[in-house]
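Report on the following structure.
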Amino acid sequence: LRAPAARFARAPPAARRRCLLSARAASTSAAVDAGPPPHVALVTFERSPGQRPELGLVENGHWLWTLDVDGTRYPRGMLDVIERWHDATSGGRMSDEILETERKGDPVPVASVTLLAPIPDPPSIVCVGKNYLEHIGEVDSSLPGISNSGAAPPKYPIIFTKAPTSVIGPNASIQIPTGVSNAIDYEGELGVIVGRSIPPGSVVDAESAWDAVFGFTIINDVTARDVQKQHQQWYLGKSFDTFCPMGPWIVPKNALRLNESDGDGESNERDCDLTAKDPASVVKRGVALGTVVNGERRQRSDTSLMLFDVPALLRVVNRAMSLRAGDVIATGTPAGVGAGMDPKGFLKRGDTCEVTVQGVGVLKNRVA
């Protein structure tokens, strides 16, 4: 693993500046541009509240095709889709043939259904703490003693988990636990979806790491800061029901499309092939992410500033445990959380929180 401080120092000056937005200097605007909708995305949805969840494929952010009309093709839901598609498409690489054979019936507008979390009950949710340098400073000053590393960059990734029962989908409500906590915070993050079963010790380099990745989603690692600090472990403060908004869908890794400036202020769409010889290069170049609360920009950064990149995180986690199709790796949050503001910017009932990840989309939830 690279030394975190050295990796930050080697980042281009422009990239470092993008990380330096603090919540104290937040402005009222979109956090980042989500860019064009993904060409292909996978969803779990209901046609109307309370109906049987179904699996779907969304094309260009608009048309929704059903994948499993009678619920028998993929009995484990999205977990089966991920595992089978990962194997059939050589690690998440879509093909026109696969899409043609999977789409069933006539499409409907995705706005006409209710999207659920794409993986309503993931096998594991593995999270990373203090993975952006500026976030370390704000957390240490507002929550001293929350980890052994203090204000210094951690030598190794700080790994913890969230309960799968905390998962909710887009537009579902984050519930404040009455009488338990009044310090509910947001943490916008890029979520990485594992595509297949991987025995411990199998992820040894960037190539094997990216081969294990099926795609991406958005995670809001909602946290009760006071409960987090009360316990030596972070699990309880992170695992209240509704504390893991996920969605709005899963974007297979080669379907990620970003906008890139051509130097004249114009944005050009580019396809990001994360299965190239150096697959980490795309995420290292920077997938933008950010969070807005009630229209106020709170977080803005990009993945090039992660202290431990996706392959490093997968290597560390897989060193200790098997990975399974549908496991979620939440890769850490940048600066700008409510705990770092003065006065504190914790979530309250009636708030709206939106997390944007470039090329993936927007995850929006209200607080109740």
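The values are calculated or read from the model by the stated rules, or taken from the named source; none is laboratory data. Here the structure is a predicted model, which means the values were calculated and not measured. All Cβ positions, even for glycine, are placed from backbone atoms using ideal geometry, and neighbour counts span all protein chains on display. Quick note on the areas: whole protein, heavy atoms, side chains included, nothing else; ligands and nucleic acids left out. Shrake-Rupley method; radii C 1.70, N 1.55, O 1.52, S 1.80 Å.
For the stretch 17-42, a residue qualifies if it is β-branched (Val, Ile, Thr) and at pLDDT 80 or above, and the qualifying residues are VAL32, VAL40. Determine, yes or no, whether VAL328 is aliphatic (A, V, I, L, M) and either open to solvent by less than 30 Å² (accessible area, probe 1.4 Å) or at positive phi (or both). In short, yes. In the set (1) within 21 Å of SER166 (Cα to Cα); (2) surrounded by 24 or more Cβ atoms within 10 Å (Cβ to Cβ), the condition left unmet by THR352 is number (2).
Scanning the stretch 180-189 for residues that are over 15 Å from THR161 (Cα atoms) and modelled with pLDDT of 95 or more yields VAL180, SER181, ALA183, ILE184, ASP185, TYR186, GLY188. Hey, among the residues in the stretch 82-120 that are under 21 Å from CYS244 (Cβ atoms) and open to solvent by less than 20 Å² (accessible area, probe 1.4 Å), which one's modelled with the lowest pLDDT? If we take residues in the stretch 82-120 being under 21 Å from CYS244 (Cβ atoms) and open to solvent by less than 20 Å² (accessible area, probe 1.4 Å), then ILE82 is modelled with the lowest pLDDT. Please tell me if ARG298 is among the basic types (Lys, Arg), buried (at least 24 other Cβ atoms within 10 Å of the Cβ) and under 24 Å from ALA117 (Cβ atoms). So ARG298 fits the description; yes.
The single condition from (1) small (Gly, Ala, Ser); (2) modelled with pLDDT under 95; (3) touching a Leu at 6+ places or on another chain (Cβ under 8 Å) that GLY265 fails is (3). Taken as a whole, the condition of being open to solvent by less than 10 Å² (accessible area, probe 1.4 Å), at pLDDT below 95 and farther than 27 Å from LYS155 by Cα applies to LEU258. The residues of the stretch 38-81 that are open to solvent by 70 Å² or more (accessible area, probe 1.4 Å) and acidic (Asp, Glu) amount to a single one, ASP70.
So how many residues does the stretch 47-89 have that are assigned to a loop (DSSP other than H, G, I, E, B) and free of Cβ contacts under 8 Å to residues at least 12 places away in the same chain? Summing the residues that are assigned to a loop (DSSP other than H, G, I, E, B) and free of Cβ contacts under 8 Å to residues at least 12 places away in the same chain in the stretch 47-89 gives 7. Here PHE8 qualifies as at pLDDT below 50 and of a type in the set (Phe, Trp, Tyr).
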